[in-house]
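Enquirer: I have a structure I would like to understand better, so I am pasting it below and will then ask my questions one at a time.
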């Protein structure tokens, strides 16, 4: 239960509302405690002594109390529910903001379903306890101590007898509280796994149907759902055990009062009104005693939610702006890698080794190499998505670890291999990186990315909603919108991570023409598998096993006898084979004609 104390920082800003709710709760408790005393007077004086005036007076008092009680219940419930909603609102915002700031290293291993579950379900359980649980717990404690004082003031011996069954009830409830938190933690984790299954299936629905794997995915979901079901059944089992126990002990306490209290009335030591009031107090105490199990159950769910929520909030982002961060001015675009090494978390081998490179302002640097050679890892260091394990990366002579992250990333435009778009209009997606953009600038960026023509073909034009992840657009269209989004920033450093991989040859030529014009005046890093996209670069880096194995211009590298020459020869042979097959298919007599000698790379 100590975990719940961590919520204090979220409740403290609303101490005024908390104070008002507590005052209302205190008056409600006092009113509840006064009602049995009035009933005792009615029985002992109004009924036994036939005092009609007392009956009328008591009725009026009870009516006024009822109206006041209704008013207080309204305000107390309104205030507590509002506090709960505010705490939930703040906690969700804090959690979401924190997740946004966590490093790529964390997101590389985190499950999306678990993050969604913690942001929604776990915060909801905390919100419920903050609203109803804490208030009911305070009310229970006030009522309990008030009733105990009144019971002992009425008859100490009978009070001890009546409260004896409450001792095992407290012990049973405490034991239930110790176990229920672990059970709810299993429920929350299982719910997170189920959310992950749903999220993966929705994202991969095309792959699932393409391979006719619906039965397999249904079975996977059924397994995760069964685990969640079993976890909930465990909670229900514990709940089912304690509820009959609490009811039995409350009934036993009532029996003891009726037996011993009845004998006291017969002996003349207590009045009938006194024993009725005594039993009323016990019944008032019985209801909170039964609610105690419900409160412990709610608290256990909240504890599990707090633990899972603060498990994320306690993670310190590894990559963040230092306290004395340097705010970068307008960059010239000089980038230096000084003996850089990078190893991803949990991996023994290095993704990058001894990278020593200086890129001058406005240079176009092309990176080629096989999959996993380290191309993307290298460019991910520039916006500081990851930190180097050894060495340093400098922009304009300043270590990126010493600068303000926002001032760095605002000057870097990125187009990734997977061009993710948000479920909003095309215009909003293009202007995502700039909130102060104009419609004219958006259109100009789209024209530069060869996207204006297809956007205008839509009935809604730039107001067209692209759907979740941009699924309503083709791969090439999504890529061109992503390029326009990067270009609108007018960045000093441009990173194109295989940015033409999802477009056809004709569209690629259009984009390449626009990109080469836009690359002028900015430092550009281009990752591509097609040599036609990199042969005009000022500097070509050939990467293998996390190292730069060759560097130079196209003419310098093609004249050598290294990996770059091998890649060129391989793509040339593929082109020759393609032309040969086309000629064979086009020939009426299926006669093979020698294919023309492919043009040199300089002509591409």
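Let's see how each residue does on (1) closer than 20 Å to residue 115 by Cα; (2) modelled with pLDDT of 75 or more; (3) within 33 Å of the chain's Cα centre (by Cα); (4) not assigned by TED's automatic domain parsing to the domain that holds residue 309:
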| site | (1), (2), (3), (4) |
| --- | --- |
| 150 | no, yes, no, no |
| 161 | no, yes, no, no |
| 164 | no, yes, no, no |
| 186 | yes, yes, yes, no |
| 200 | yes, no, yes, yes |
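Enquirer: Could you list all residues from region 347-370 that are outside any loop (DSSP other than H, G, I, E, B) and under 15 Å from residue 534 (Cα atoms)?
Expert: 364, 365, 366, 367, 368, 369, listed by residue number.
Enquirer: Grab the helices (runs of 4 or more DSSP H) fully contained in region 20-124, keeping just those with 1 or more residues being buried (at least 18 other Cβ atoms within 10 Å of the Cβ) and touching a residue at least 40 places away in the same chain (Cβ under 8 Å).
Expert: 52-101, 112-117
Enquirer: Another question, then. How many residues are under 30 Å from residue 131 (Cβ atoms) and at pLDDT below 85 if we restrict to region 40-65?
Expert: Going through region 40-65 one residue at a time, the tally reaches 2.
The rows are residues; the columns are (1) within 30 Å of residue 565 (Cα to Cα); (2) within 35 Å of the chain's Cα centre (by Cα); (3) surrounded by 16 or more Cβ atoms within 10 Å (Cβ to Cβ).
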position	(1), (2), (3)
262	no, no, no
317	no, yes, no
351	yes, yes, yes
356	yes, no, no
366	yes, no, yes
372	yes, yes, no
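Enquirer: For residue 480, indicate whether it is closer than 23 Å to residue 506 by Cα, modelled with pLDDT under 85 and either outside any loop (DSSP other than H, G, I, E, B) or out of contact with any helix residue (DSSP H, G or I) (no Cβ under 7 Å at 6 or more places or on another chain) (or both).
Expert: Considered against the rule, which asks whether it is closer than 23 Å to residue 506 by Cα, modelled with pLDDT under 85 and either outside any loop (DSSP other than H, G, I, E, B) or out of contact with any helix residue (DSSP H, G or I) (no Cβ under 7 Å at 6 or more places or on another chain) (or both), residue 480 comes out as yes.
Enquirer: Let me ask something else. Given (1) over 22 Å from the mean Cα position of the chain (by Cα); (2) modelled with pLDDT under 70; (3) surrounded by fewer than 19 Cβ atoms within 10 Å (Cβ to Cβ), where does residue 177 come up short, assuming only one miss?
Expert: Residue 177 satisfies all of (1) over 22 Å from the mean Cα position of the chain (by Cα); (2) modelled with pLDDT under 70; (3) surrounded by fewer than 19 Cβ atoms within 10 Å (Cβ to Cβ) except (3).
Enquirer: Sort out which residues of region 408-425 are out of contact with any strand residue (DSSP E or B) (no Cβ under 8 Å at 6 or more places or on another chain) and either at positive phi or at pLDDT 85 or above (or both), and write them in order of number.
Expert: If the condition is that a residue be out of contact with any strand residue (DSSP E or B) (no Cβ under 8 Å at 6 or more places or on another chain) and either at positive phi or at pLDDT 85 or above (or both), then 409, 410 are the ones that fit.
Enquirer: Would you point out the residue of region 448-476, among those that are modelled with pLDDT under 85 and in a helix (DSSP H, G or I), that is surrounded by the fewest Cβ atoms within 10 Å (Cβ to Cβ)?
Expert: Per the criteria, the residue is 468.
Enquirer: Let me ask something additional. If we keep just the residues of region 507-527 that are part of a loop (DSSP other than H, G, I, E, B) and out of contact with any strand residue (DSSP E or B) (no Cβ under 7 Å at 6 or more places or on another chain), which is modelled with the lowest pLDDT?
Expert: 520
Enquirer: When the residues of region 230-245 are filtered to those that are closer than 21 Å to residue 192 by Cβ and exposed (fewer than 14 other Cβ atoms within 10 Å of the Cβ), which remaining residue is nearest to the chain's Cα centre (by Cα)?
Expert: Result: 230.
Enquirer: Can you find, within region 326-343, the residue that is farthest from residue 188 (Cα to Cα) among those that are in a loop (DSSP other than H, G, I, E, B) and touching a helix residue (DSSP H, G or I) at 6+ places or on another chain (Cβ under 7 Å)?
Expert: Looking at the filtered set, the residue picked out is 328.
Enquirer: If you go through region 490-505, how many residues are in a loop (DSSP other than H, G, I, E, B) and at pLDDT 80 or above?
Expert: Final tally of qualifying residues: 3.
Enquirer: Evaluate the following for residue 436: is it part of a loop (DSSP other than H, G, I, E, B), farther than 27 Å from residue 563 by Cβ and without any contact (Cβ under 8 Å) to a residue 12 or more places away in the chain?
Expert: Yes: the conditions hold for residue 436.
Enquirer: Given (1) closer than 27 Å to residue 434 by Cα; (2) modelled with pLDDT of 80 or more; (3) assigned to a loop (DSSP other than H, G, I, E, B), where does residue 561 come up short, assuming only one miss?
Expert: Tallying (1) closer than 27 Å to residue 434 by Cα; (2) modelled with pLDDT of 80 or more; (3) assigned to a loop (DSSP other than H, G, I, E, B), residue 561 fails exactly one: (1).
Enquirer: Pairs under 7 Å by beta carbon, first residue within 15 Å of residue 543 (Cα to Cα) in region 556-570, partner at pLDDT below 80 and outside any loop (DSSP other than H, G, I, E, B), six or more apart or different chains?
Expert: 567/531; 568/531; 568/601
Enquirer: Of the residues 556, 550, which is touching a strand residue (DSSP E or B) at 6+ places or on another chain (Cβ under 9 Å), over 30 Å from residue 446 (Cα atoms), in a helix (DSSP H, G or I) and modelled with pLDDT of 75 or more?
Expert: 556
The values are calculated or read from the model by the stated rules, or taken from the named source; none is laboratory data. Here the structure is a predicted model, which is why all the values come from computation and not from measurement. When we count neighbours, we look across all protein chains shown, and the Cβ atoms used for this are built from the backbone with ideal geometry, even at glycine.
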